[in-house]
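A.B. asks: This structure is in C-alpha cells; I'll ask about it shortly.
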Amino acid sequence: MRPTVYIADIAQHEGKEITLHGWLYNRRSSGKLHFLQVRDGTGTIQCVVFKGNVAPEVFHEADHLPQESSLTVTGLVKKDERSPIGFELDVKSLAPVAKPAREYPIGHKEHGVAFLMEQRHLWLRSQRQQVILRVRHTVEKAIRDFFDERGFTLVDAPIFTPSACEGTSTLFEVPYFDLGKAYLTQSGQLYMEAAAMALGKVYCFGPTFRAEKSKTRRHLTEFWMVEPEVAYMDLDGDMELMEQFVSYVVQTALAKHRKELVSVLERDVSKLEAVKPPFPRITYTEAVDVIQKAGHPMKWGDDIGGDEETVVAKQFDRPVMVHRYPAEMKAFYFKKDPADPKVALGCDVLAPEGYGEIIGGGQREDDLPTLEAAIEHHQLPKEAFEWYLDVRRYGSVPHAGFGMGVERCVAWICGLHHVRETIPFARMMERITP
Ligand code: 4AD
Ligand code: MG
C-alpha cells in the first residue's frame, strides 16, 4: 500500500497521482463515464472513471460495485469548480477490498428514524451523522479546553455509587457482591464537592445514568455530563461561569463547523451567533408569571415542564438563566436563599428555540446541621452520606457548580429534534441495541 492520502488533505495533492482507501457511497453512470462517490471518513470525493483511461474489467467493475464496498482508488487529483470540495479524482485504477455480503440496508432514500436507529451501527456512515459526531467531538474538546484554560483539574467520578444524588426515582440498581446494592451514578457532583475542597476548581466529565421513565426528545437513560465545582464560589459566580462556558462551547463549535452546520444540517447559524454573554437572568417567580400570562395553567411551586420552558425561552434570543426555584422541588443539597428560604440558590440554563434545560446547578448547602436536616427531610439514608457530611465537618466553605448534558447541548447546536442522534449509540427506555 502507498502512504495513505486523506480526502480532507486532497488540496495538497493537486496534479499528483494518489491512492485513496475508502468506501463506495454512491455511483451513477453516463455511458463512457462512471461517477463514484467515495468516502474515507474525512470527506467524500467524486471519482471519475473514463472508459478510455482504464482497463475494460476495471471499467466494468466501476459500474457494478455495490454501495458500501470497501475499495482503493488510484488516480489524478484535478481541480473542479463544481465539486463541493473543489477537486475530483481522475481514476487510473481501482480495486475492491471487500464487497458487501448483502445489499446495504440504508439506501439513498428517506428511511424512518425507527429503522435507522435499528441500523445505528451503519447509519453512522451517513454524511449527516458524521457531521453530528464531529460537532460532538468539538463540543467535548471545547469543554475540556475551557476548564483547562481556567486552571480547573479534571477529577474522574465513580460510576458505581452507594446512594442517590438526584432523587431516588431514577436510580439504576446493580447487585454488588456482599455489599448488597450499588447504583449507577446520576451525577458526580457530590464527589466533585469533596474534590473542590482539595483542588479548588475541579470538574468531572463522564457517563451518567437516569432510569427516566420519560420517552421525550430530551431524555436518555445514559448521557454524558460535565460537572464543574468551585470552592469559595456563590450563585452569582456560578451563573457567570455558566454563561461564559456556554458561549465558549457554542462559539467554538460554530467557528469550526459553520460550513457543515449550514450545508449538511441546514442550521440557521445566525441563532448561534447571538449566544454571547451576558445571558438574561430571571427568577423562577418571574418565569411563572411569564408562563401564566402566556395562558398556561401553572402555579408557584410547580415544575417548569418542557412546553413551559419553551414559553420562557422564546422571550429571548440567547439562553436564559432561571434562578431561585422553590426549595421544595429541588434536590437535598441546594442551599436556601438566606433572603427568602422558600427558594433554593439554584439556576437552570434554558437554551433558545425550544431546546429547554441544558444546565442545572447552583450553590450547595455548606452548613452541617442544615444539610443533615435536608437529608432527613428527603428520607435519604444518612449512613451513605456520612462521607459527604465530612466535607462540611472539616473546613466547610461556600461552593457552587453545575452540570451540562452534552447531548442536549449538541442537539441545540446542530438543530436536531431529538437527542438520540447526538450520541453514537443511544440508550433509552425502549432501546439498548445496537
Ligand atoms: O439538572 P440535573 O439533574 O443536575 C444534576 O445532576 C446536578 N447534580 C449537576 C451539578 O450541579 N453538578 O442534570 C444536569 C443536566 C441537565 O440540565 C441536562 O442537560 C442533562 O444534565 N440531563 C439529561 N440529558 C439527557 N437525558 C437525561 N435523562 C438527562 N437528565 C439530565
Ligand atoms: Mg435539572
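A.B. asks: Suppose we filter the range 344-370 for residues that are of a type in the set (A, V, I, L, M) and either more than 15 Å from ligand 1 (Cβ to nearest atom) or part of a loop (DSSP other than H, G, I, E, B) (or both); how many remain?
C.D. replies: Of the residues in that region, 1 qualify.
A.B. asks: Looking only at the range 151-190, how many residues end up being out of contact with any Phe, Trp or Tyr (no Cβ under 7 Å at 6 or more places or on another chain), within 21 Å of Y333 (Cβ to Cβ) and in a helix (DSSP H, G or I)?
C.D. replies: 4
A.B. asks: Let me ask something additional. Can you tell me which residue in the range 309-338 is farthest from P280 (Cα to Cα), limited to those that are acidic (D, E) and away from ligand 2 (no atom under 14 Å from the Cβ)?
C.D. replies: Among them, the one singled out is E328.
A.B. asks: List the residue pairs whose Cβ atoms are under 7 Å apart, where the first residue sits in the range 399-410 and is within 20 Å of L235 (Cα to Cα), the second is of a type in the set (S, T, N, Q) and within 7 Å of ligand 1 (Cβ to nearest atom), and the two are 6 or more positions apart or on different chains.
C.D. replies: G401/Q189; G403/S187; G403/Q189
A.B. asks: Can you confirm whether the range 255-262 contains a residue that is away from ligand 1 (no atom under 16 Å from the Cβ), among the acidic types (D, E) and under 22 Å from the mean Cα position of the chain (by Cα)?
C.D. replies: Yes, the range 255-262 contains a residue that is away from ligand 1 (no atom under 16 Å from the Cβ), among the acidic types (D, E) and under 22 Å from the mean Cα position of the chain (by Cα).
A.B. asks: Out of curiosity, is K79 farther than 29 Å from H257 by Cα, over 19 Å from the mean Cα position of the chain (by Cα) and not hydrophobic (A, V, I, L, M, F, W, C)?
C.D. replies: It is false that K79 is farther than 29 Å from H257 by Cα, over 19 Å from the mean Cα position of the chain (by Cα) and not hydrophobic (A, V, I, L, M, F, W, C).
A.B. asks: So, one more: Sort out which residues of the range 305-337 are in contact with an Asp or Glu (Cβ under 8 Å, 6 or more places away or on another chain) and among the β-branched types (V, I, T), and write them in order of number.
C.D. replies: V322 - this is the single residue of the range 305-337 that is in contact with an Asp or Glu (Cβ under 8 Å, 6 or more places away or on another chain) and among the β-branched types (V, I, T).
Residue by residue, here is whether (1) at pLDDT below 95; (2) exposed (fewer than 15 other Cβ atoms within 10 Å of the Cβ); (3) out of contact with any Gly (no Cβ under 9 Å at 6 or more places or on another chain); (4) of a type outside the set (V, I, T) holds:
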| position | (1), (2), (3), (4) |
| --- | --- |
| T221 | no, no, yes, no |
| M242 | no, no, no, yes |
| R258 | no, yes, yes, yes |
| L261 | no, no, no, yes |
| E286 | no, yes, yes, yes |
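A.B. asks: Let me ask another. Just the residues that are more than 16 Å from ligand 2 (Cβ to nearest atom) and surrounded by 13 or more Cβ atoms within 10 Å (Cβ to Cβ), please, taken from the range 357-369.
C.D. replies: Going residue by residue through the range 357-369, those that are more than 16 Å from ligand 2 (Cβ to nearest atom) are 365-369.
Within the range 357-369, E365, D366, D367, L368 qualify.
A.B. asks: Quick check on my filter: what residues within the range 4-57 are surrounded by 13 or more Cβ atoms within 10 Å (Cβ to Cβ), more than 34 Å from the chain's Cα centre (by Cα) and part of a helix (DSSP H, G or I)?
C.D. replies: The answer is H13, K51, N53.
A.B. asks: Does V77 fit the bill of being out of contact with any Cys (no Cβ under 8 Å at 6 or more places or on another chain), among the aliphatic types (A, V, I, L, M) and surrounded by 14 or more Cβ atoms within 10 Å (Cβ to Cβ)?
C.D. replies: For V77, the condition - out of contact with any Cys (no Cβ under 8 Å at 6 or more places or on another chain), among the aliphatic types (A, V, I, L, M) and surrounded by 14 or more Cβ atoms within 10 Å (Cβ to Cβ) - is met.
A.B. asks: Something else now. Please work out which one of (1) in contact with a helix residue (DSSP H, G or I) (Cβ under 6 Å, 6 or more places away or on another chain); (2) of a type outside the set (F, W, Y); (3) more than 18 Å from G401 (Cβ to Cβ) is the condition V155 fails and give its number.
C.D. replies: (3)
A.B. asks: Looking at P341 and the list (1) assigned to a strand (DSSP E or B); (2) in contact (Cβ under 8 Å) with a residue 40 or more places away in the chain; (3) more than 16 Å from ligand 2 (Cβ to nearest atom), which single condition is not satisfied?
C.D. replies: For P341, the exception is condition (2).
A.B. asks: Identify the single condition in (1) within 16 Å of ligand 2 (Cβ to nearest atom); (2) surrounded by fewer than 21 Cβ atoms within 10 Å (Cβ to Cβ) that G354 does not satisfy, given that it satisfies every other one.
C.D. replies: (1)
A.B. asks: Which of the residues belonging to the range 378-395 are at pLDDT 95 or above, more than 15 Å from ligand 1 (Cβ to nearest atom) and of a type outside the set (F, W, Y)?
C.D. replies: Matches in the range 378-395: E386, L389, D390, R392, R393, G395.
A.B. asks: If you don't mind, there's one more thing I want to ask. Out of curiosity, is R318 closer than 17 Å to M239 by Cβ, of a type in the set (K, R), crowded, with 18+ Cβ neighbours inside 10 Å and touching a helix residue (DSSP H, G or I) at 6+ places or on another chain (Cβ under 6 Å)?
C.D. replies: On the way: closer than 17 Å to M239 by Cβ: yes; of a type in the set (K, R): yes; crowded, with 18+ Cβ neighbours inside 10 Å: yes; touching a helix residue (DSSP H, G or I) at 6+ places or on another chain (Cβ under 6 Å): no.
No; evaluated as a whole, the condition is false for this residue.
A.B. asks: Moving on. So which residues in the range 419-430 are surrounded by 17 or more Cβ atoms within 10 Å (Cβ to Cβ) and of a type outside the set (A, V, I, L, M), if there are any at all? Spell out the reasoning first.
C.D. replies: Our first condition is that a residue be surrounded by 17 or more Cβ atoms within 10 Å (Cβ to Cβ); within the range 419-430, this holds for 419-423, 426, 428.
Of everything in the range 419-430, those that are surrounded by 17 or more Cβ atoms within 10 Å (Cβ to Cβ) and of a type outside the set (A, V, I, L, M) turn out to be R420, E421, T422.
A.B. asks: Still on this structure, I have one more. Would you check which residues across the range 139-179 are modelled with pLDDT of 95 or more, at positive phi and out of contact with any strand residue (DSSP E or B) (no Cβ under 8 Å at 6 or more places or on another chain) and list them?
C.D. replies: F177
A.B. asks: So is V91 of a type in the set (A, V, I, L, M, F, W, C), modelled with pLDDT of 95 or more and in contact with a Gly (Cβ under 6 Å, 6 or more places away or on another chain) or not? Outline the logic, then answer.
C.D. replies: Details: of a type in the set (A, V, I, L, M, F, W, C): yes; modelled with pLDDT of 95 or more: yes; in contact with a Gly (Cβ under 6 Å, 6 or more places away or on another chain): yes.
Yes: the conditions hold for V91.
The values are calculated or read from the model by the stated rules, or taken from the named source; none is laboratory data. None of the values given here were measured: they were computed from a predicted structure. Cβ atoms come from the backbone with ideal geometry, glycine included; neighbour counts cover every protein chain shown.
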